[in-house]
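So the structure is just underneath, and the comments pick up after that.
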Amino acid sequence: MTSIDLNADLGEGFGRWRLTDDERLLSAVTSANVACGFHAGDAVTMRRVCDLAAERGVTIGAQVSYRDLAGFGRRAMDVPFEELAAEVAYQIGALEVFARAAGARVAYVKPHGALYNRAVHDEEQAAAVIDGVLLASASLPVLGLPGSRLLALAAEAGLPTVTEAFADRAYTDEGTLVPRGREGAVVSDPEAVVQRSVELARSGEVTAHSGARIAVRARSLCLHGDTPGAVELAHRVRTRLAEAGVTVAAFA
């Protein structure tokens, strides 16, 4: 049977403000990309999400970002190599404390937002992320876009790599994500997201923004936790995957 991981961005709040419905999303996903305080999240939120994830057997991952709370980590930034590497390691280390306290561990690393997209092509920024991961652990898997410099450098460094697809984001013909500022960058129709999820899991292909068919081979499927109706959508995706004969299971 075909198998795929289902991940979502969680812990994306700050103080009294909460963007994601963490508890309900954790009943649908198999991996949780937990915000580590740089684009969202704080100590209390990180601890709460780790406790909830551990209780439900959901794998915990560190979602590292540029230091950009005001822009939710989605603004382009130029951060020097050593600074970015240290900040990546810092974020992983902070989350690891709460994961261990919950009886779990940080099992993988995924960049967020602008850093994720920058590390697809930017050699230096991708290398800084990998250097930061290595500072935290020599064995943490890195989750990223197929064909990205991030995954290539992770593999060169001896880190496990995990390819990821997005059911709710539009793709270019080159297999990269359409920038959020462009019309149609986010797939908002729930049924379309569900159908794309099954398609990606079963065939490893998806229809790009241009209408062309492209290959997107992935071991993990991401649904954004800040999408309206994210909880219901995640449950629909998981149900439809099961109906299509796809096993939903964590990769780590």
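Scanning region 138-175 for residues that are over 22 Å from Thr30 (Cα atoms), buried (at least 18 other Cβ atoms within 10 Å of the Cβ) and of a type in the set (Ser, Thr, Tyr) yields Ser148, Tyr171. Among the residues of region 200-234, those that are closer than 25 Å to Gly113 by Cβ, touching a Ser or Thr at 6+ places or on another chain (Cβ under 8 Å) and in a helix (DSSP H, G or I) comprise Ala201, Ala230, Leu233. Being over 25 Å from Tyr108 (Cβ atoms) and either at pLDDT below 95 or over 18 Å from the mean Cα position of the chain (by Cα) (or both) holds for only one residue in Gly225, Gly158, Gly181, and it is Gly181. When the residues of region 76-107 are filtered to those that are assigned to a loop (DSSP other than H, G, I, E, B) and under 20 Å from the mean Cα position of the chain (by Cα), the one that is surrounded by the most Cβ atoms within 10 Å (Cβ to Cβ) is Ala104. The set of residues from region 145-185 being within 22 Å of Ala212 (Cα to Cα), in a strand (DSSP E or B) and either among the hydrophobic types (A, V, I, L, M, F, W, C) or touching a Pro at 6+ places or on another chain (Cβ under 8 Å) (or both) comprises Thr163, Glu164, Ala165, Phe166, Leu177.
Please go through region 120-137 and pick out each residue that is in contact (Cβ under 8 Å) with a residue 40 or more places away in the chain, surrounded by fewer than 18 Cβ atoms within 10 Å (Cβ to Cβ) and under 11 Å from Phe81 (Cα atoms). Glu124, the sole residue that qualifies. Look at Val120 and say whether it is of a type outside the set (Gly, Ala, Ser), under 25 Å from Gln91 (Cβ atoms) and out of contact with any Asp or Glu (no Cβ under 9 Å at 6 or more places or on another chain). Spelling it out, Val120 is indeed of a type outside the set (Gly, Ala, Ser), under 25 Å from Gln91 (Cβ atoms) and out of contact with any Asp or Glu (no Cβ under 9 Å at 6 or more places or on another chain). Screening Gly37 against (1) surrounded by fewer than 21 Cβ atoms within 10 Å (Cβ to Cβ); (2) over 26 Å from Arg219 (Cβ atoms) leaves a single unmet condition, (1).
The values are calculated or read from the model by the stated rules, or taken from the named source; none is laboratory data. Just so we're clear, the structure is a prediction, and the values are computed from it rather than from any experiment. A quick note on method: Cβ atoms are made from the backbone with ideal geometry, for glycine too, and the neighbour counts reach across all protein chains shown.
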